[in-house]
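Some notes on the structure that comes next.
Bear in mind these aren't lab numbers, they're just calculated from the coordinates by the rules spelled out. What you see is a predicted model; the values in this text were computed from it and never measured. Quick reminder, even Gly has a Cβ in these numbers, built from the backbone with ideal geometry, and neighbours come from all protein chains shown.
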Amino acid sequence: MLKLIRLEVVNFLKVSIFPFILLNLVVAIVVKNMKNVFDLLSSSSDIRTFYTLFLMIIISYAAAFMTTINFEKEKLSNLYHRYFVLPLPPGIIFAIKLFPSIICSMCVVLIWGIVMFLMFHPVTLITFIMALCNALIFVIGSILLIFYFDLTLKNVSIVYGIKFILIFVLSYLPNFIVSQNVSIKVVNYSIIIFTFLLFITGIILINNVDSEKVILS
């Protein structure tokens, strides 16, 4: 098992160096530009919590997007078919496969989240820890779902297209939500609940992957 993990890590590093550098450049630009946003925010703790939560989710999604960018290529090369001939349970195989992506994404979220907090102090420490944990759960759930749909859909270009569109949707949502007459506190709780549902759904789907469906797709 350790040999498989090492092999996946080596393969991941070979194809992900440039995406990883690009990811950190993009996140650095986003975090830097958030200074003006936090300076202009009202003193409402709910508003500041909302923007902190959403910024952490955007960073999480950017990390999930870039660290899974090779999944579609692997599906087209029929690499996933080979997993089911290994003498290990599918759950263990998928955990080994996703290990580098998840660890890399979590490190990006953790490091840039801490940098953002030290630079801007947008919320209290306890609220920030909650937002950071929420982001870490979100990134795991996102990677699990992306991997599941890459496994099971015949046309993986659909997955890539949706992933790309979601970047613009997530960047637009914060200002749209704030402009609506909704309770920001309710929105904050909804984000946390959605994150946990995303995570649980990802685990359930991965644990119930139909090998025949993957091979036929």
| request: Go ahead and estimate [θ] at 222 nm for the chain from helices alone: -39,500 (n - 2.57) per DSSP H run with n ≥ 4, summed, over the residue count, rounded to 500. | output: -29000 deg cm²/dmol
| Does region 127-193 come out rounded, prolate or oblate by the C-alpha gyration tensor, with a ≥ b ≥ c the root eigenvalues, rounded set by a/c under 1.5 and, if not, prolate when a/b is larger than b/c and oblate if not? | oblate
| Which of F18, I203, F147 sits farthest toward the positive end of the charge dipole of the chain, with +1 on the Cβ of Lys and Arg and -1 on the Cβ of Asp and Glu? | F18
| note | Quick calc, the chain, dipole around Cα centre from Cβ unit charges on Lys, Arg (+) and Asp, Glu (-), nearest 20 debye, gives 300
| field | Choice from P87, P19, P100 with maximal GNM fluctuation in the chain (Cα, 10 Å cutoff) | value | P87
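Can you compute the FRET efficiency between T201 and V169 using 1/(1 + (r/R0)^6), with r the Cβ-Cβ distance and R0 = 22 Å? Round to the nearest 0.05.
It comes to 0.75.
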| field | Tail weight of P(r) past 18 Å, computed on alpha-carbon pairs of region 91-137, percent | value | 39
| said: Quick check on packing: order 9-15, 91-97 by the mean number of other C-beta atoms within 10 Å, highest mean leading. | reply: 91-97, 9-15
| remark: For the chain, the percent of all C-alpha pairs falling in each 10 Å bin, from 0 up to the bin holding the max distance, is 8, 33, 34, 18, 7, 1
| field | Max mean-square fluctuation residue, GNM over the chain, Cα-Cα springs under 10 Å, options N70, N175, N24 | value | N175
| field | Contour minus Cα-Cα distance for I111 and K154 (0.36 nm per residue) | value | 11.9 nm
